[in-house]
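Accompanying notes for the structure given below.
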Amino acid sequence: MRKIFAAIVLATLTIGFVGAPASAQENISPAEHKRLFREGAQLWPVYCNTCHNARPGSEKAPYEWDLIIMHMRTLGNLPAGDVRALVEYLKAR
Amino acid sequence: MPGRRIFSIFLLAFGLVALSLVGLARAADSDGSAADLKEIKSEMRQLREERKRDREVIHSLEIKVQQLETKDSKVETTTQQLHATDQKLKETTVELQQTNAQVQTLQTKVDAPIAASEFGDAISRYLGTHSFTVAGAAGGSFNYDQQSGALDGVSHVSQNSFFFDWEPMFLYRPTDWIMFEGVISTAFGSTGTGADLSTADFQIFLNDYMTVVAGLFDQPFGDWYESQSPMWVNRFVTAPLPFGAEAVVPGGEIGVQLRGGMQFGALGQDVDYTVWGGNGPNFSSNVLGAAVSSPTAVANSQTNGKSIGARFRIYPLPVDSQMGRLELGASTYNGKWANGNWFNSWGVDFNYFIGNLQARGEWMESYRQMPEGMGSDNRQGWYVQAGYFLNDLNVPGFPDKLNGYLHRFEPLVRYSGVNQRAVSTDDIAGATGVGQGGFQTGLVPDFGINGSPATYAPHAREVALALDYWITPSIVWQNEFDLELPQNGGAFVSPSGAVTPAGPIPNDRAFLSQFTIGF
């Protein structure tokens, strides 16, 4: 078991310790923004209602969504692409 | 005007000369007959009259001329004014042209990429690159517990208590791929004010498929600890039995997780995994049925290694299918405790929601190897629950406002149960706060647990009915009625290891009312 545990830690540290932006939305085209927004609007009532009542974008400031979406991504293991769409939608309120 | 007057005098003179010339001619023409004279006189009269008329005409002409002159001067003033205006317009145009040129220069400056980035920099400097926010929850409740029955000689005591719980959560994000989460639980419960660290971990987003979580965290086993336990998230005031007084799996762990998720089909069809390792499980004592407790704080209290856990979930329904969201999960958590004895557990769970209906349930089992041939300490736990939002209920004849209030209600029902071979009497005495010479020593009833001794039956069963009133998605007033329906079977074990079979255990009723805000 010790070996398994060590393997997990090792794998974690070795496999591309690069740091993937969790929710960065910079440098994308307006068309891409629009696509993400539309997808986010489609996902929000489904994903965000899975564990608790879906909380609307207007509840938090855009910078807070950058934090909270990371938290939700961890809890829900949400696919990264979907997270980018959701944060786009949430920030637009 | 003198010119005109000269002209009229001249006209008059010319008339007289002409007249005298005619008179001369006539005089010369004849010798002056009376008839001729008469004719001349009448002609002179005519001429006088004509002259009078001419004067009148001249006078009226003079008046007209004067009028024309006034008009003319007016026109001249207007023309001058027009000229002035025109001049001003010309000047303004020049000024405008100059302004335009200035605006254009400014625009070129603004449009220049260097200026835009300068602006962005200014904003970033103002906000900082590190961001921080506080969330969490606060709740106050009143618990009434009938405690009609007692366990193992514990006296009958009613519990009527207020509780308050505040769990601030701090989220700190130094970069776009690292976050820290810390939750402090503070409560005023049956033992007075207390605070403890319930979660503190780093979340490091390695790539799209891997996130490392390191620190003190909720056990990722099943759905409840990690995603249902916060008080504004839980649809009920209390925890289902397998996560309350008689937990089947420890509620937290200190260690490292690796987790992530991905889409495997259409949008919404996802799979995800969580694997983790930590210090391992701990128990309140070495006797059968001893309660699981927080993670082992000191590594050397374990003789043989750490814990390891894994959890997988699948969401088979695409978002487009309009068939709702279904989650199916499976978990396992294994480790060694105290003297190198095994602890193994596994569980399955589901969660489904469509429209106003939400249902979830879990089933789990744990096996705890006991020292010195005591036989294993097996436990099973389960719950199923369903709730329905009255969003679309419109009672005919009710005013809109009343129907509006009705829409905020969510009635719920939950059935949960636990089977344990035994229960430690120490846990009961320490927890219920009754029977120990009359003073409160324990932790229960406390936030999320109704305090009924029947929840400590080896074969506890509970039906919980709840009516939630949702003010916003995270502000709720919850009312819950619990019916404890313990089954016969199992045993109570004293700290010295003495085993007493559990006889019939009285049913119990409890009512809880709680107001909660999720930040």
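Within the bounds of region B:386-399, is there any residue that is at pLDDT 95 or above, touching a helix residue (DSSP H, G or I) at 6+ places or on another chain (Cβ under 8 Å) and part of a strand (DSSP E or B)?
Scanning region B:386-399, I find no residue that is at pLDDT 95 or above, touching a helix residue (DSSP H, G or I) at 6+ places or on another chain (Cβ under 8 Å) and part of a strand (DSSP E or B), so the answer is no.
Can you find a residue in region A:59-76 that is under 24 Å from B:ARG311 (Cβ atoms) and in a loop (DSSP other than H, G, I, E, B)?
Looking for residues that are under 24 Å from B:ARG311 (Cβ atoms) and in a loop (DSSP other than H, G, I, E, B), one finds none in region A:59-76, hence no.
Find the residue count for region B:52-90, including only residues that are open to solvent by 100 Å² or more (accessible area, probe 1.4 Å) and either of a type in the set (D, E, K, R) or in contact with a Pro (Cβ under 8 Å, 6 or more places away or on another chain) (or both).
Number of matching residues: 10.
Answer yes or no as to whether B:PHE180 is surrounded by fewer than 22 Cβ atoms within 10 Å (Cβ to Cβ) and of a type in the set (Phe, Trp, Tyr).
Criteria met by B:PHE180.
State the number of residues belonging to region B:494-509 that are part of a strand (DSSP E or B) and out of contact with any helix residue (DSSP H, G or I) (no Cβ under 9 Å at 6 or more places or on another chain).
3
Quick check on my filter: what residues within region B:446-502 are under 23 Å from B:ASN356 (Cα atoms) and among the polar types (S, T, N, Q)?
Listed by number, the residues that qualify are B:THR472, B:SER474, B:GLN478, B:ASN479.
So which of A:LEU43, A:LEU75, A:LEU36 ends up being closer than 21 Å to B:LEU267 by Cβ, in contact with an Asp or Glu (Cβ under 8 Å, 6 or more places away or on another chain) and open to solvent by 40 Å² or more (accessible area, probe 1.4 Å)?
Sole residue among the options that is closer than 21 Å to B:LEU267 by Cβ, in contact with an Asp or Glu (Cβ under 8 Å, 6 or more places away or on another chain) and open to solvent by 40 Å² or more (accessible area, probe 1.4 Å): A:LEU75.
Under the condition of being crowded, with 22+ Cβ neighbours inside 10 Å and aromatic (Phe, Trp, Tyr), which residue from region B:203-231 is farthest from the chain's Cα centre (by Cα)?
Of everything passing the filter in region B:203-231, B:PHE221 is farthest from the chain's Cα centre (by Cα).
Looking at this structure, is B:ALA122 among the hydrophobic types (A, V, I, L, M, F, W, C), modelled with pLDDT under 80 and under 30 Å from B:PRO486 (Cα atoms)?
The answer is no for B:ALA122.
Hey, any hits in region A:58-68 for a residue that's loosely packed, with under 15 Cβ neighbours inside 10 Å, modelled with pLDDT under 90 and either within 26 Å of B:PRO230 (Cα to Cα) or within 7 Å of chain B (Cβ to nearest Cβ) (or both)?
No; the residues of region A:58-68 include none that is loosely packed, with under 15 Cβ neighbours inside 10 Å, modelled with pLDDT under 90 and either within 26 Å of B:PRO230 (Cα to Cα) or within 7 Å of chain B (Cβ to nearest Cβ) (or both).
Looking only at region B:409-454, which residues are at pLDDT 75 or above, assigned to a helix (DSSP H, G or I) and open to solvent by 10 Å² or more (accessible area, probe 1.4 Å)?
The answer is B:THR425, B:ASP426, B:ASP427.
Considering only region B:311-356, state which residues are surrounded by fewer than 17 Cβ atoms within 10 Å (Cβ to Cβ), at the interface with another protein chain (Cβ under 10 Å from one of its Cβ atoms) and more than 32 Å from the chain's Cα centre (by Cα).
none
Quick check, is B:TYR367 away from chain A (no Cβ under 11 Å), open to solvent by 60 Å² or more (accessible area, probe 1.4 Å) and assigned to a strand (DSSP E or B)?
yes
Answer yes if at least one residue in region B:250-272 is more than 23 Å from A:CYS48 (Cβ to Cβ), surrounded by 23 or more Cβ atoms within 10 Å (Cβ to Cβ) and more than 14 Å from chain A (Cβ to nearest Cβ), and no otherwise.
yes
The values are calculated or read from the model by the stated rules, or taken from the named source; none is laboratory data. Predicted model only: the values in this text are computed from it and were never measured. Heads up, the Cβs are rebuilt from the backbone with ideal geometry, glycines too, and the neighbour counts pull from every protein chain shown. These area figures cover heavy atoms from the full protein model, side chains too; ligands, DNA and RNA do not enter into them. Shrake-Rupley method; radii C 1.70, N 1.55, O 1.52, S 1.80 Å.
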